[in-house]
Structures are given as C-alpha cells and as structure tokens.
1. Hey, among 91, 61, which residue is open to solvent by less than 60 Å² (accessible area, probe 1.4 Å), within 12 Å of the chain's Cα centre (by Cα), within 16 Å of residue 16 (Cα to Cα) and not basic (Lys, Arg)?
2. Being within 16 Å of residue 139 (Cα to Cα) and of a type in the set (Gly, Ala, Ser) is the filter here, so list the residues in the stretch 99-115 that pass it.
3. If residue 99 passes every condition in (1) more than 21 Å from residue 22 (Cα to Cα); (2) surrounded by fewer than 17 Cβ atoms within 10 Å (Cβ to Cβ); (3) more than 17 Å from the chain's Cα centre (by Cα) but one, which one does it miss?
4. What number of residues within the stretch 125-144 satisfy the criterion of being assigned to a strand (DSSP E or B) and open to solvent by 10 Å² or more (accessible area, probe 1.4 Å)?
Amino acid sequence: MDWIEIVDVLYRFGRGQDMRDRELFASAFAGDATVDFQPAAAKWGGVSPPMTGRDKIVDTILTVLSDVDTTHVVTNPRVEIEGDTAWLTAIVEAQHLRTGDHSTFALLKNFYDVELVKEESRWVARRITIDNAWYQGTPTAFFG
C-alpha cells in the first residue's frame, strides 16, 4: 500500500497543477519541502532557483502557470522505502500551452528524483529535483 501512496505524491503534484486545485497540489509537499527545477532549466538556458517551503512552492508554481494549460503524465515509477522515508524516481511528461494561444508551448520529458517522508498517515515530498531528458517548443516562454 505504501508504494501506491508514494507514487500518488506525483499524481497529486501533476493533477493539482493541471486542475488549478491548490489544496490537492499543496497536499504533495511537506511544510519544509524544496523543489529544484534548475537541472532541467539549465538544459534550455533558463534559470530557476530552488523553491523552499510548501506555501512558496504552491504560490510560485500556480502563479507562473496561471495563464497556461497543462497536462502532466507520470510514468516508470521506482520506489525504495526505509521506515518513514522513501525515495521515488519517475519520468514526468509535462505539456504547457499558453491559454488562448496554443502555438506557444513547451513539451517537457523530465526525470524526477523525489525524497519523501511520512507525515502522520500521508506520504509527502520533502525534496523534488527535476532534470530534463528532452523538450520541444520554448520552455523559456513559461519559465524564464
């Protein structure tokens, strides 16, 4: 059962963004979580300093994506569990299209490396590092 709940963290991460569901998106993170998108951004010449803290992560990402149509697909999850800590790797495909003008887009195929902790009865991400395998389009149109 833990394996499914651990992978569900990335499902909540993606679906929360796609549906602009702030509560669902926030439920993926520990209060002191860090998201580091810089390894991916570096592949296309972008800069993305790590974000720390659930509220900052949620506010920043939902603001950046406020005029963007997104879909996230999680594949190839691998999980290791040791007590109340777990590690998850997966591939996440993220499609970003400018709302009202889908000619501006970025299709990203990213490697996710996630450290999780069990808080009360729910698994949450403590750290997410995102690296890019390949992309199409113009990621800097969305992420600077």
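The values are calculated or read from the model by the stated rules, or taken from the named source; none is laboratory data. Quick caveat: nothing in here was measured; it's all calculated off a predicted structure. No Cβ is skipped: glycine too gets one built from the backbone with ideal geometry, and neighbour counts run over all protein chains shown. Accessible surface areas use protein heavy atoms only, side chains included; no ligands, DNA or RNA. Shrake-Rupley method; radii C 1.70, N 1.55, O 1.52, S 1.80 Å.
1. Working: 91 fails: within 16 Å of residue 16 (Cα to Cα).
Unique residue meeting the criteria: 61.
2. Correct list: 103, 106.
3. (1)
4. 9
Residue-by-condition table, conditions (1) among the charged types (D, E, K, R); (2) over 12 Å from the mean Cα position of the chain (by Cα):
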{"site": "12", "(1), (2)": "yes, no"}
{"site": "24", "(1), (2)": "no, yes"}
{"site": "28", "(1), (2)": "no, no"}
{"site": "38", "(1), (2)": "no, yes"}
{"site": "44", "(1), (2)": "no, yes"}
{"site": "68", "(1), (2)": "no, yes"}
{"site": "72", "(1), (2)": "no, no"}
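Per-residue answers, yes or no, for (1) surrounded by fewer than 18 Cβ atoms within 10 Å (Cβ to Cβ); (2) under 20 Å from residue 132 (Cβ atoms):
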{"position": "6", "(1), (2)": "no, no"}
{"position": "17", "(1), (2)": "no, yes"}
{"position": "26", "(1), (2)": "no, no"}
{"position": "44", "(1), (2)": "yes, yes"}
{"position": "52", "(1), (2)": "yes, no"}
{"position": "73", "(1), (2)": "yes, yes"}
